[in-house]
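Q: Take a look at the following structure, please.
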Amino acid sequence: RFNDSGQLVQCNGSLPNGDKGRRKSRFALCRRNKANGVKPSTVHTSCTPQAAKAISNKEQHSISYTLSRAQTVVVEYTHDSNTDMFQIGRSTENPIDFVVTDTMPGGQSHTDGQTIQSTISRFACRIICQRNPPYSARIYAAGFDSSKNIFLGEKAAKWRMQDGQMDALTTNGVLVMHPRHGFSQDSKPGLWREISVCGNVFTLRETRSAQQRGKMVDSESNELVDGSLIDLCGATLLWRTAEGLALTPTVKHLEALRQELNAGRPQCPVGFNTLAFPSLRRKDTLDEKQPWAYMRCGHVHGYHGWGGRRDPVVEAECQERECPMCRARGPYVPLWLGCEAGFYVDAEPPTHAFVPCGHVCSEKTTAYWSQIPLPHGTHAFHAACPFCIQPLNGEAGAVRLIFQSPLD
């Protein structure tokens, strides 16, 4: 049994519409009762009856590479009893084990009623895991559809390798970033790479869907490590290993840190009322004791209405305000504890907040995520809060919180 799981960067530990079925904020990959992995076998370089049979046979996995209207190369895949395959994509068809949807800043997701075109592929990628130790997991671009086929059209970037096998890139690509020094308080971001259909590693294209592929990086592999980020052009997954998660703070530990913070009875330096972080279960409901902070300086207050709108919900839209303690001007927002334990690089107390969203976690966790350029659109990158993917502002992307202790 292996508990490697992908943490979907979304709305602070849960989806906006709740975790249901194959659409969740986190997924655990466990050894299947029966192996369903596949590996490449016969290559058909012309439209032979065997090639046509491989495509039409719904019990036979195959990948079709269309080179021109006159030529299609078909690669048959055969059963591999040593591996399990898990597929990820936007489609809700049965071959997809984990359904992911586009995520907007603040954790909103595109709904079926919206006309915004999704950039996530219906069959985005597949992860092949060994069934026996060391349970290594490798990622490949594209997933097999309901007919167990992958079709790469004329416009897809594709090429023939030296061993005669074909390879290709998908339209918007599957990008992976492996952290340096593992996923810990010493972690540093690695370089973003693109993974091909056959699992080879390439430097990034000029834009996500450019025809020209990057350079092949022979020294790197498609094997996922603790803390690997997988970007599907619209959603980003964080891969955690069972060993890595064993060292990560639990939700119970985060709750203990919350209670310890509240036990210090922090006060509003203006209203002198006691502040308290709401329980993790009530993480989205503004409370009268809710701590608020000025994001420019980090001074923590209770909510007060002067110098801005009196509706705290509207106020949360981030109006600039002047801190009464130091006169620094900047966003004035409610503070929320980061609830997804898988994002923490250590188990230290929550002392810092991401700017401008106000999600609170440990200093080294904010420092790590503030350094990571997450893919945005087809060619941009920016650092973002992992709990709500809102782009970060300011030099550091985070601020140290300054709490006022009780006067008594």
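Q: Being of a type in the set (Phe, Trp, Tyr) and more than 16 Å from residue 74 (Cα to Cα) is the filter here; which residues of segment 156-205 pass it?
A: 183, 192, 202, listed by residue number.
Q: A follow-up question, please. Taking the residues in segment 22-58 that are part of a loop (DSSP other than H, G, I, E, B) and basic (Lys, Arg) as candidates, determine which candidate is modelled with the lowest pLDDT.
A: Here the residue is 22.
Q: Now for a different question. Can you spot a residue in segment 81-100 that is in the same structural domain as residue 145 (by TED's automatic domain parsing) and touching a helix residue (DSSP H, G or I) at 6+ places or on another chain (Cβ under 7 Å)?
A: Among the residues of segment 81-100, not one is in the same structural domain as residue 145 (by TED's automatic domain parsing) and touching a helix residue (DSSP H, G or I) at 6+ places or on another chain (Cβ under 7 Å), which makes the answer no.
Q: Then there's this: Does segment 61-87 hold any residues that are more than 31 Å from the chain's Cα centre (by Cα), crowded, with 18+ Cβ neighbours inside 10 Å and not β-branched (Val, Ile, Thr), and which are they?
A: If the condition is that a residue be more than 31 Å from the chain's Cα centre (by Cα), crowded, with 18+ Cβ neighbours inside 10 Å and not β-branched (Val, Ile, Thr), then 76 is the only one that fits.
Q: Looking at segment 356-369 only, could you name the residues that are in a helix (DSSP H, G or I) and surrounded by 20 or more Cβ atoms within 10 Å (Cβ to Cβ)?
A: Residues satisfying the conditions are 365, 366, 368, 369.
Here is a yes/no grid of residues against (1) of a type in the set (Ser, Thr, Tyr); (2) within 30 Å of residue 28 (Cα to Cα); (3) at pLDDT 90 or above:
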residue	(1), (2), (3)
304	no, no, no
308	no, no, no
314	no, no, no
331	no, no, yes
337	no, yes, yes
340	no, yes, yes
345	no, yes, yes
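Q: Can you name every residue in segment 248-279 that is out of contact with any helix residue (DSSP H, G or I) (no Cβ under 7 Å at 6 or more places or on another chain) and β-branched (Val, Ile, Thr)?
A: Passing the criteria: 270, 274.
Q: Report yes if residue 73 is assigned by TED's automatic domain parsing to the domain that holds residue 175, hydrophobic (A, V, I, L, M, F, W, C), modelled with pLDDT under 95 and under 28 Å from residue 134 (Cα atoms), otherwise no.
A: No.
Q: In segment 125-146, what residues are more than 18 Å from residue 197 (Cβ to Cβ) and of a type in the set (Lys, Arg)?
A: Within segment 125-146, just 131 meets the criteria.
The values are calculated or read from the model by the stated rules, or taken from the named source; none is laboratory data. Fair warning: this is a prediction, and the values are worked out from it, not measured in the lab. Using ideal geometry, Cβ is built from the backbone for each residue, glycine included, and neighbour counts are taken over all protein chains shown.
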